[in-house]
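I have placed the structure first, in the form of structure tokens, so that the comments after it can refer back to it.
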Amino acid sequence: MSAATEAESTRKAIRHSIAVIPGDGIGTEVVPAALQVLDPLMSRHGIQVDWVEYPWGSEYYRANGRMMAEDGLEQLVQHDAIFFGAVGAPGIPDNLTLWGLLIPIRRTFEQYVNLRPVRYVPGVPSPLKNPEGIDLIIVRENVEGEYSQVGGRFGIGDAEAAVQEAVFTRAGVTRIAAYAAELARGRRGQLTSATKSNGIIHTMPFWDEVVAEVVARTPGVKLRTVLVDALAAALVLRPQQFDVIVASNLFGDILSDLAAGCIGSIGLAASANINPERKYPSMFEPVHGSAPDIAGRGWANPLAQMSTASLMLDHLGHPGAAAELTAAVDGVLRHGPRTPDLGGTATTKDVTKAVLDHLSSSTPTRSTR
Ligand SMILES: NC(=O)c1ccc[n+]([C@@H]2O[C@H](COP(=O)([O-])OP(=O)(O)OC[C@H]3O[C@@H](n4cnc5c(N)ncnc54)[C@H](O)[C@@H]3O)[C@@H](O)[C@H]2O)c1
């Protein structure tokens, strides 16, 4: 068999099964936009895909009293990846939507790494005076920490109280620190750990200790431990000095919205919930939520969902297709059109068409590994 035919047959053999959960609000607008871009891109790269859509989310809850099917996790585990939009709807408590869908997926599938890259593309309006050169990744611990089920409410009347325990395990902190350190080693070697060990006196000194032990075993990585309040200010004042930031579940969640704001809009921020051992499917969803304030108007910025798709392509072993999609998103960010969150007047459809135009004018690169 010639090398070209061999490459062709290898490419033909690639077939993925991907679960699609658009969810609520703008999730149902930006997910179809991203699929519209993914279909021709993947086919051009010889990647065949079966998209299996699940109608889970708040509407499903209103009809069935639960956020996903009873055997939802058994259905999802069959897929190579999960492509997710957002959940959350006015009238249903946010803790119910989150704990009924996203959190069970993240925890059951041991997606303990939440990767949130933040990169500034020149020309995009930013609230910062000097956003040039922002290129960082937040590695958020995704399955324990402050988001725990331990606690409760007790007492009545003026004596009523609520207790919420944060749970940090040595295994949990070790694995997230190791992932972040390895990631930093492959980049600029600078790892910042977000802490609050001055105020939170049990879990945070423990976090600091374990992170320091792990980084000490990773040559070529310099660790800086910074109190999260000061870190929030530094992210606004000197964002270029950060390379990889490792943070607990809550701190990582807050810092990534802040960092997304610094590059122009939360409508640009991608994220991946990764099971590094690949025992279970990983889940790819933008940082933003369902944005009920703009849902249904056709204005949602689809670029975060498309950048999320790029992270998914990379994870599935198609770095060429991923790079092409990133370049197309960057091209649209540089030259427009732009949705209202970036000061423009374009619709989701306009931006999607512009990304498709960029893709059709680019030269495909080989993507299989
Ligand atoms: N992972 C998730 O599914 C997730 C994450 C965050 C919030 N939520 C849920 O989403 C709902 C709304 O929460 P919120 O308002 O705090 O956060 P949000 O991210 O939905 O919206 C915050 C602000 O950013 C804007 N925005 C967000 N994404 C945008 C996009 N792609 N294009 C243009 N503008 C965009 C919104 O219009 C809003 O003004 C809540 O129910 C919340 O629980 C879900």
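Brief remarks on what is shown
- Selection from the stretch 111-123 of residues that are buried (at least 18 other Cβ atoms within 10 Å of the Cβ) and in a loop (DSSP other than H, G, I, E, B): Gln111, Tyr112, Tyr120, Val121
- Here is the figure for the stretch 169-190: residues that are hydrophobic (A, V, I, L, M, F, W, C) and touching a Lys or Arg at 6+ places or on another chain (Cβ under 7 Å) total 0.
- Failed criterion for Gly344 (all others in (1) under 25 Å from Ile82 (Cβ atoms); (2) modelled with pLDDT of 95 or more; (3) within 13 Å of the ligand (Cβ to nearest atom) hold): (1)
- Positions within the stretch 322-334 being within 14 Å of the ligand (Cβ to nearest atom) and closer than 27 Å to Ser17 by Cβ, in sequence order: Val329
- Qualifying strands (runs of 3 or more DSSP E) (wholly inside the stretch 132-220; at least 1 residues being at pLDDT 95 or above and surrounded by 17 or more Cβ atoms within 10 Å (Cβ to Cβ)): 135-141, 190-195
- Scanning the stretch 44-69 for residues that are of a type outside the set (Val, Ile, Thr) and over 15 Å from Asp24 (Cβ atoms) yields Arg44, His45, Gly46, Gln48, Asp50, Trp51, Gly65, Ala69.
- Selection within the stretch 107-137 - charged (D, E, K, R), more than 16 Å from the ligand (Cβ to nearest atom) and on the phi < 0 side of the Ramachandran plot: Arg119, Lys129, Glu132, Asp135
- Residues that are closer than 17 Å to Tyr179 by Cα, out of contact with any Leu (no Cβ under 7 Å at 6 or more places or on another chain) and not acidic (Asp, Glu) within the stretch 116-160 comprise Arg116, Pro117, Leu136, Arg140, Asn142, Val143, listed in sequence order.
- Residue match in the stretch 84-102 (condition: away from the ligand (no atom under 15 Å from the Cβ), modelled with pLDDT of 95 or more and crowded, with 23+ Cβ neighbours inside 10 Å): no
- Breaking point among (1) more than 14 Å from the ligand (Cβ to nearest atom); (2) assigned to a helix (DSSP H, G or I), for Ser307: (1)
- Pair list, Cβ < 9 Å and 6+ apart or interchain, from the stretch 35-54 residues that are assigned by TED's automatic domain parsing to the domain that holds Asp24 to residues that are surrounded by 20 or more Cβ atoms within 10 Å (Cβ to Cβ) and among the charged types (D, E, K, R): Leu41/Glu324; Arg44/Glu324; His45/Glu324
- The sole residue among Pro319, Pro292, Pro337, Pro281 that is in the same structural domain as Gln75 (by TED's automatic domain parsing), more than 13 Å from the ligand (Cβ to nearest atom) and surrounded by fewer than 17 Cβ atoms within 10 Å (Cβ to Cβ) is Pro337.
- Residues located in the stretch 266-278, provided they are part of a strand (DSSP E or B) and within 11 Å of the ligand (Cβ to nearest atom): Asn273
The values are calculated or read from the model by the stated rules, or taken from the named source; none is laboratory data. Remember, it's a predicted structure, so these values are computed and weren't measured experimentally. Cβ sites come from the backbone with ideal geometry, for glycine too, and all protein chains shown count toward neighbours.
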